[in-house]
Amino acid sequence: MKNLVKETDLPGIGKKFAVTPITGGEIILIVHDNGLREIYRYDADDNAKHIITLNDSEARKIAGILGGMAYTPKALENMELSLSDLTIEWHKPEPNAPIYGKTIGDLGVRKNTGVNIIAIIGQDGRSTVNPGPDSSMNPGDTIVLAGTREQIKAFKTFVSAPPTP
Amino acid sequence: MEYNFLEIGAFLIFMALCGFIASRLNFSIVPLLIAVGLLLPPNGLIAYTPSESALEVIHLFGNIGVLFLLFSMGLEFSIKKLIESARTMIKSGVIYMIINVALSLIFALFLGWNTAEILIAIGIMVISSSAIVAKTLVDLKRTANKETEVILGLMLFQDIFVAMYLPIVSAVAFSHGGHISELAVSVGAAFLFIAAFIWISLKTNKWLDKVFNIASDETFFLAIVAILITIAGVADHLQVEEATGALILGLVLAETSHHERILRLIVPFRDFFGAAFFFSFGLSIIPTDLSGAVGAALTATAITIAGSLIYGAVMGRTAQISRRGAVNIGLTITSRGEFSIILANLGATAGLSPTLKSFSILYVFLLAVLGPLLSKESENIYNRLAGALNWKEPSGRGKSRGIIDPALLKRDKGPES
């Protein structure tokens, strides 16, 4: 991932970022001092072709989508987001994990591992945000966890073999 | 004094109209402002004489505008940025100066002007308008092009050049052909002022940071404008030219932690008063006065375009830029504007020869209009040139593009590794 992004100053205009993905090609992002963003790409003749101009809020929205905050790509169902000590992770337990059918309270998730389950996303895409102790999980659900890295690790071992209460 | 707001309003409506037309045509607003100002009374086609006070107000706006333009230019600098890009920038800047100073010096000598007039002519002919150039690049969606970095680097070099050149020219122009020792004294005084100012502000950098730590945007902005106008006044008293004072204040404040906040606050003011600057330049032109300088101005325009294209070609070679990019460089940097107008005004107030005055006005007008046009048409001009001279672009990079190297893909699998 070395030199993926090259940064150049454009005095009087803003900043230029040249992004070279491993699949070839090159995308140029211009961040204007006035908040506009522009995306360019080079055509076969090496000319920068303008693709789109975005204002600040549009650019942020698109950045969120690209960053996987709006929708997690299927290939990355175990995604994580770290904010210093706090880690938020999307985790999909094995379909044969011995946790299904029991409520979160029965499993004693917080007592045993320390993590908080902040959401359960069902296979149909419907999510239960902030589930109570009487909620339960179904095979194929993605569970959004919040906690320290150790707590999340403990949860992952816990769901594969929960101690009998 | 009674102000006729109806007349001031009418002038502003014309300025706003320029903006509308410019954005509709995807064209720089500057040449339109100058051209519309030229057509309007007191000197233009319409038989109406606006009151003195209304004209005064527009000219005052314009004079404030030039301060804001140069102040914001100074704010864009940072010593760190300069040092980072110094080597390539100086090389490219020196190449530009050698080509274009030589050409304009020969031209000015040919017209038989005196030292002060030659210096002003060189300044007018050598320094591009960074305002028009940056705007044109954004409007034409060329910000991502490779050659744009070269162009903007050159603009930066020219801005620094101006900061040193303006005090010299104004010292020479106001010395009225005095003895060489007097001249040396006034040039020395100008540089002493600049050096002292920069030294003091670098020493007081931390203190400045603290002083400007003002929570209210209103107070902060008032303080900035107060200092800007005062410094410009001090500079003027020392015959350093207000514009230089504003530019150097910008350079100094660029080193404080407040520069982004200042820039954010002054941009709308710069845009408004800056528009008034170009507009009032147009208003001040008396078209009938210019007839004597047509030949000289047209020759100078041709020389500038040629010199810029030569520079583009040289940079294309040294910076490995395509021929298309080289033509873009050459044609984009032909725009003349704020600096040339400042120098033309300086020549006028110093009471130099009237030919120089008409020459400079006509030349600036021609290249303020032609510059953005040439930049816009540079693709077509390139295609014509390429067709006429039978150029073929070596397409080196284009070939490998879009082909996925499977080895690379494999190596990078797994975002966590």
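The values are calculated or read from the model by the stated rules, or taken from the named source; none is laboratory data. This structure is a prediction, so every number in the text was calculated from the model and none was measured. For neighbour counting, all protein chains shown are included, and Cβ atoms are generated from backbone atoms with ideal geometry for every residue, glycine included.
Checking the condition β-branched (V, I, T) and either on the phi > 0 side of the Ramachandran plot or at pLDDT 85 or above (or both), which residue from B:T334, B:T349, B:T355 passes? Reasoning before the result, please.
Values: B:T349 fails: either on the phi > 0 side of the Ramachandran plot or at pLDDT 85 or above (or both); B:T355 fails: either on the phi > 0 side of the Ramachandran plot or at pLDDT 85 or above (or both).
Testing whether each residue is β-branched (V, I, T) and either on the phi > 0 side of the Ramachandran plot or at pLDDT 85 or above (or both) leaves just B:T334.
Among the residues of region A:1-18 satisfying the criterion of being among the aliphatic types (A, V, I, L, M), facing chain B (nearest Cβ under 9 Å) and not in a strand (DSSP E or B), which is surrounded by the fewest Cβ atoms within 10 Å (Cβ to Cβ)?
Our first condition is that a residue be among the aliphatic types (A, V, I, L, M); within region A:1-18, this holds for A:1, A:4-5, A:10, A:13, A:18.
Filter again for facing chain B (nearest Cβ under 9 Å), leaving A:1, A:10, A:13, A:18.
Then drop every residue that is not not in a strand (DSSP E or B), which leaves A:1, A:13.
On the way: A:M1: 7, A:I13: 20.
For region A:1-18, the residue satisfying everything is A:M1.
What helices (runs of 4 or more DSSP H), lying completely within region B:214-305, carry at least 1 residues that are of a type in the set (A, V, I, L, M) and free of Cβ contacts under 8 Å to residues at least 12 places away in the same chain?
Numbers: elements: B:217-237, B:242-254, B:259-284.
Answer list for region B:214-305: B:217-237.
Could you list, in sequence order, the residues of region B:142-185 that are within 14 Å of another protein chain (Cβ to nearest Cβ), among the charged types (D, E, K, R) and either without any contact (Cβ under 8 Å) to a residue 24 or more places away in the chain or closer than 20 Å to B:L82 by Cα (or both)?
Listed by number, the residues that qualify are B:K146, B:E147, B:E149, B:D159.
Limited to region B:121-141, what total is found for residues that are assigned to a loop (DSSP other than H, G, I, E, B), hydrophobic (A, V, I, L, M, F, W, C) and under 30 Å from B:A173 (Cα atoms)?
Our first condition is that a residue be assigned to a loop (DSSP other than H, G, I, E, B); within region B:121-141, this holds for B:127-129, B:140-141.
Among the residues that remain, those that are also hydrophobic (A, V, I, L, M, F, W, C) are: B:127, B:140.
Adding the requirement that they be under 30 Å from B:A173 (Cα atoms) leaves B:127.
Matching residues across region B:121-141 total 1.
Just to be sure, is B:F68 closer than 23 Å to B:I194 by Cα and crowded, with 16+ Cβ neighbours inside 10 Å? Working first, answer last.
Details: closer than 23 Å to B:I194 by Cα: yes; crowded, with 16+ Cβ neighbours inside 10 Å: yes.
Against the criterion (closer than 23 Å to B:I194 by Cα and crowded, with 16+ Cβ neighbours inside 10 Å), B:F68 qualifies.
Inspect all residues belonging to region A:21-33 and state whether any of them is polar (S, T, N, Q) and more than 7 Å from chain B (Cβ to nearest Cβ). Even if it seems obvious, please write down each step before you answer.
First, the residues of region A:21-33 that are polar (S, T, N, Q): A:23.
Add one more test, that the residue is more than 7 Å from chain B (Cβ to nearest Cβ), and what stays is none.
No, there is no match, as no residue in region A:21-33 is polar (S, T, N, Q) and more than 7 Å from chain B (Cβ to nearest Cβ).
What about B:L45, is it more than 26 Å from B:A131 (Cβ to Cβ) and not charged (D, E, K, R)?
Details: more than 26 Å from B:A131 (Cβ to Cβ): yes; not charged (D, E, K, R): yes.
Taking the combined requirement at face value, the residue satisfies it.
Restricting the search to region B:104-124, which residues are in contact (Cβ under 8 Å) with a residue 40 or more places away in the chain, of a type in the set (A, V, I, L, M, F, W, C) and touching a Leu at 6+ places or on another chain (Cβ under 8 Å)?
Correct list: B:W113, B:A116, B:I120, B:A121, B:I124.
Could you grab me the full set of residues in region B:119-162 that are touching a helix residue (DSSP H, G or I) at 6+ places or on another chain (Cβ under 7 Å), closer than 24 Å to A:L29 by Cβ and of a type in the set (D, E, K, R)?
B:R142, B:K146, B:E147
What tally of residues in region A:34-67 results from selecting those that are more than 9 Å from every other protein chain (Cβ to nearest Cβ), farther than 18 Å from A:E7 by Cβ and in contact with a strand residue (DSSP E or B) (Cβ under 7 Å, 6 or more places away or on another chain)?
Matching residues across region A:34-67 total 4.
Condition test on B:V57, is it away from chain A (no Cβ under 14 Å) and surrounded by fewer than 19 Cβ atoms within 10 Å (Cβ to Cβ)? Before you say what the answer is, go through the steps one by one.
Numbers: away from chain A (no Cβ under 14 Å): yes; surrounded by fewer than 19 Cβ atoms within 10 Å (Cβ to Cβ): no.
Here the answer is no, as B:V57 does not meet what is asked.
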